[in-house]
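Notes follow the structure.
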Amino acid sequence: MASSGITFVSSDQEKKEFVEFPYQHYATDGFFVPPLRSEQKKLIDTEKNPFFKQARMAMFLAEHNGKPAGRIAAVVDDRFNKQHGLNTGHFAFFECIDHQPTADLMFRVAEDWLKEQGVEEVLGPTNPGMMDILGFLVDGFDKYPYIMMPYTKPYYEKLALNAGYTGVRDLLAFVVDKESVDFDRMRKAKAMIMRRYPEITIRAVSLKRISEEVKIVRDIYNEAWKNNWGFLPLTIEELSGLAKEFKMVLDDDFAHIAEWEGKPVGFSIALPDLNQVFKTMNGNLLPFGFIKFLWGKRKINRIRTALMGILPEYQGKGIDALFHQRTIERALERNFVESELSWVLDNNTEMIHVAERLGARIDKRYRMYAKKLEV
């Protein structure tokens, strides 16, 4: 008789198994890009990941018929709840075989742990928090994900819905390429914006003054995004950690700050799509992964606009369009062939219109799910 079981992750060996599960689970999926194991270990390290200064997590492994069958984590992020006046927990790091009883069991143990923490609702998937990689992929399974975007199994939505979850928010990924970009419209829009608002200048982020630039980005982001769904204020520690990771790949052709009469009012950060290199490395930098990384980095020809923010009083003046126009033009000058704008909330009509005016189309769709817990 088929049987499923759950292990509460506590030992170093179990943590290793938790990190390792996706590498086997997706071994035959042609469009899965193995993330760096070193980064995955950091994510679940409650001592080293600054996220856990105000959050707690329980991790579980599932097996079916004596074989590894899935993993899930339950997370309570006190900062998120305080920011939004909620009493919500997250399910995180979800991976599972196509077997509803195993998925149901994993969701149930995560929900039981969250109930013990006094949580009333579950939102997910997060990895581990709302500032990390989010969502199940629901459209776009025949394409490689861009850097810091997820790739998940096509049946995950079915497993979540059957376990009582409801889709609550779609995160859209737009793509623009050499064929689809509307150069004429883009240049006319730039000329019109600069005529109307000559106070605006766009400059490159200074890599030599990265710590000062990080503070500028943090202050703008926290003000610009504070009323958005899922927002969490970035701490300097978190952003400095991001800056360290980005510094290896940050390119001042694709990282910009907007100023209004010399005052920083917006930023845009696009990253070369390192997934084009990571897909050849099987999650390892050593012993030969680093050589592959340095060699492959020169051949990257896609970018992803990953972070953007404009102070509320300067929104609606076309600064976002100027950012996209500059990033796309610089990319094309350097023979990059494609750019992803992601993610965009499905109710962010202004940003959706900006993307469409550039000639971008929806390329992938990710979804977040929620469930009320019965106390």
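The values are calculated or read from the model by the stated rules, or taken from the named source; none is laboratory data. Nothing here was measured: the structure is a model prediction, and the numbers come from that model. Please note: Cβ atoms are built from the backbone with ideal geometry, for glycine as well, and neighbour counts cover all protein chains shown.
Scanning the stretch 208-229 for residues that are loosely packed, with under 14 Cβ neighbours inside 10 Å, within 20 Å of Asp251 (Cβ to Cβ) and in contact (Cβ under 8 Å) with a residue 24 or more places away in the chain returns a single hit, Ser211. State whether one or more residues within the stretch 360-372 are among the basic types (Lys, Arg), more than 20 Å from the chain's Cα centre (by Cα) and at pLDDT below 95. No, the conditions are met nowhere in the stretch 360-372. Taken over the stretch 60-93, residues that are under 19 Å from Asp45 (Cβ atoms) and in contact with a Phe, Trp or Tyr (Cβ under 7 Å, 6 or more places away or on another chain) amount to 6. None of Ile220, Ile210, Ile193 is of a type in the set (Val, Ile, Thr) and closer than 24 Å to Gly359 by Cβ except Ile193. When you check Leu294 against the structure, is it without any contact (Cβ under 8 Å) to a residue 60 or more places away in the chain, hydrophobic (A, V, I, L, M, F, W, C) and out of contact with any Pro (no Cβ under 6 Å at 6 or more places or on another chain), yes or no? Judged against the criteria, Leu294 is a match. Just give me the residues in the stretch 5-49 being among the aromatic types (Phe, Trp, Tyr) and over 21 Å from Met106 (Cβ atoms), in sequence order. Listed by number, the list holds a single entry, Phe31.
Within the set Asp170, Asp184, the sole residue that is within 23 Å of Leu358 (Cβ to Cβ), loosely packed, with under 14 Cβ neighbours inside 10 Å and not hydrophobic (A, V, I, L, M, F, W, C) turns out to be Asp184. Looking at Leu358, Leu332, Leu322, Leu345, just one residue is hydrophobic (A, V, I, L, M, F, W, C) and within 21 Å of Asn275 (Cα to Cα), and that residue is Leu332. Figure legend. Inter-residue proximity from the stretch 343-369: first residues on the phi > 0 side of the Ramachandran plot, second residues of a type in the set (D, E, K, R), beta-carbon distance below 6 Å, spacing 6+ or different chains. Indicated pairs: Gly359/Asp182.
Condition check ((1) crowded, with 21+ Cβ neighbours inside 10 Å; (2) not in a helix (DSSP H, G or I)) across all residues:
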site	(1), (2)
Leu322	yes, no
Ile328	yes, no
Leu332	no, no
Asn335	no, yes
Glu340	yes, yes
Asp363	no, yes
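All conditions in (1) modelled with pLDDT under 90; (2) within 23 Å of the chain's Cα centre (by Cα); (3) charged (D, E, K, R) hold for Arg302, with the sole exception of (1). What are the residues in the stretch 247-284 that are under 15 Å from Lys215 (Cα atoms) and either free of Cβ contacts under 8 Å to residues at least 12 places away in the same chain or surrounded by 20 or more Cβ atoms within 10 Å (Cβ to Cβ) (or both), if any? Within the stretch 247-284, Ala255, His256, Ile257, Ala258, Lys263, Val265, Gly266, Phe267, Ser268, Ile269 qualify.
Can you spot a residue in the stretch 111-118 that is in contact with a helix residue (DSSP H, G or I) (Cβ under 9 Å, 6 or more places away or on another chain) and either within 30 Å of Thr349 (Cα to Cα) or among the aromatic types (Phe, Trp, Tyr) (or both)? No, that holds for no residue. The lone criterion from (1) surrounded by fewer than 16 Cβ atoms within 10 Å (Cβ to Cβ); (2) charged (D, E, K, R); (3) in contact (Cβ under 8 Å) with a residue 40 or more places away in the chain left unmet by Lys15 is number (1).
If the condition is being of a type outside the set (Asp, Glu) and farther than 30 Å from Gly241 by Cα, then the stretch 101-137 contributes Pro101, Thr102, Ala103, Leu105, Met106, Phe107, Arg108, Val109, Lys115, Gly118.
Looking only at the stretch 106-139, count every residue that is over 19 Å from the mean Cα position of the chain (by Cα) and among the small types (Gly, Ala, Ser) and tell me the total. Matching residues across the stretch 106-139 total 2. Here Lys317 meets the list (1) more than 22 Å from the chain's Cα centre (by Cα); (2) over 28 Å from Lys226 (Cβ atoms) almost entirely, failing just condition (2). Summed over the stretch 308-320, residues that are crowded, with 17+ Cβ neighbours inside 10 Å and either farther than 17 Å from Met192 by Cα or not assigned by TED's automatic domain parsing to the domain that holds Lys188 (or both) total 4.
Taking the conditions exactly as written (of a type outside the set (Gly, Ala, Ser) and free of Cβ contacts under 8 Å to residues at least 60 places away in the same chain), does Lys153 satisfy them or not? It is false that Lys153 is of a type outside the set (Gly, Ala, Ser) and free of Cβ contacts under 8 Å to residues at least 60 places away in the same chain.
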